[in-house]
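Here's the structure we're looking at; comments come further down.
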Amino acid sequence: MKLTAASLEINEQGLATVTLTQAEKGNPFNGTFVKDLRDICLALWELPHLRAVLLRAEGANFSFGGDLKAFYPDRHNLAPLVRSWTADLHMGLQRLWQLPVPIVAEVQGFAMGGGVALFAGCDMVVTGKSTKIGSAFSQIGFSCDSGSSVVLTARLGAARAKRFVMMAEMLTSQEALNIGLVDVVVEDEQLSQEALKLATRLAHGPTVAYGEIKRLFARASAIPMHAMFEDEALTLANVSATHDAQEGIASLVEKRKPVFKGH
């Protein structure tokens, strides 16, 4: 599935690769991109054998975030444009992040604004050593969008996330690693290889268990502890009945590598 601003491919192992393809523009969030992202994220739900997703971008930079050049001509009447773009963007992001499979983000160059939110909502984030990560919303008098308040809070905690956005911070990859905004930092020339390796590893893992782990952690901060205990117990009971869980036990006892099937 190849659109104007993004593409979707899936291999025989069930690993889907979503690629931002407006490299010459810095992979901006513009009208074309938000519609393409929405369509691709909806399509991901219809893939019958999906096991994991690798999110990446062509070019030197992951994403510069909002397309200010597109905003400029209508800068005196932005509200309708914002409402239109975020309708597509936010629907796509919600469907992406709620996929019941692991999502790995590969981030190079500059990642700014909404581009940070896009990768922060993923389960694992791999960056190169030279990657720079920033929030520029407040620098142009904007509040944040793209789920930034949710996914940055989940990764950093509310106070640290608010500081990152309010102070329009620019972080190195190591600084981002230190505060939990990214998960793995590698040499720039190894970025694509290491991100693919991680995504492939997850695609061969216990898919049902991964999906339930994602769901439980998403709910953890929103409901009382006693309800989470019960949800964890009933979920584990269901997951334990899967082929992958039984294979995991058998492989451990039999001292061999497990072969997960995703069901």
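The set of residues from the stretch 33-70 being assigned to a helix (DSSP H, G or I) and closer than 19 Å to Met91 by Cα comprises Phe33, Val34, Lys35, Asp36, Leu37, Arg38, Asp39, Ile40, Cys41, Leu42, Ala43, Leu44. Cβ-Cβ distances below 8 Å connect the following pairs, each with a first residue in the stretch 1-27 that is among the acidic types (Asp, Glu), a second residue that is part of a strand (DSSP E or B) and surrounded by fewer than 21 Cβ atoms within 10 Å (Cβ to Cβ), and a separation of six or more residues or different chains: Glu9/Thr17; Glu9/Thr19. What do you reckon, is Arg95 surrounded by 15 or more Cβ atoms within 10 Å (Cβ to Cβ), under 18 Å from Ser149 (Cα atoms) and either charged (D, E, K, R) or not assigned by TED's automatic domain parsing to the domain that holds Met167 (or both)? Considered against the rule, which asks whether it is surrounded by 15 or more Cβ atoms within 10 Å (Cβ to Cβ), under 18 Å from Ser149 (Cα atoms) and either charged (D, E, K, R) or not assigned by TED's automatic domain parsing to the domain that holds Met167 (or both), Arg95 comes out as yes. Out of Ala195, Ala218, Ala199, Ala222, one residue alone is outside the structural domain of Asn11 (by TED's automatic domain parsing), within 27 Å of the chain's Cα centre (by Cα), at pLDDT 90 or above and among the hydrophobic types (A, V, I, L, M, F, W, C). It is Ala218. Among the helices (runs of 4 or more DSSP H) contained in the stretch 99-181, which hold 1 or more residues that are modelled with pLDDT of 95 or more, over 30 Å from Ala43 (Cα atoms) and among the basic types (Lys, Arg)? Output list reads 158-166.
Give me the residue from the stretch 113-136 that is surrounded by fewer than 23 Cβ atoms within 10 Å (Cβ to Cβ) and more than 14 Å from the chain's Cα centre (by Cα) and, out of that set, nearest to Glu189 (Cα to Cα). Applying the filter and picking the extreme gives Gly128.
Candidates Glu46, Glu24, Glu12: the one that is acidic (Asp, Glu) and farther than 29 Å from Gly205 by Cα is Glu24.
When the stretch 220-254 is limited to residues that are closer than 22 Å to Leu50 by Cβ and charged (D, E, K, R), the one that is surrounded by the most Cβ atoms within 10 Å (Cβ to Cβ) turns out to be Asp244.
The values are calculated or read from the model by the stated rules, or taken from the named source; none is laboratory data. Please read these numbers as outputs of a predicted model, since none were measured by experiment. Methodologically, a virtual Cβ is constructed for each residue, glycine included, from the backbone with ideal geometry; neighbour enumeration extends over all protein chains shown.
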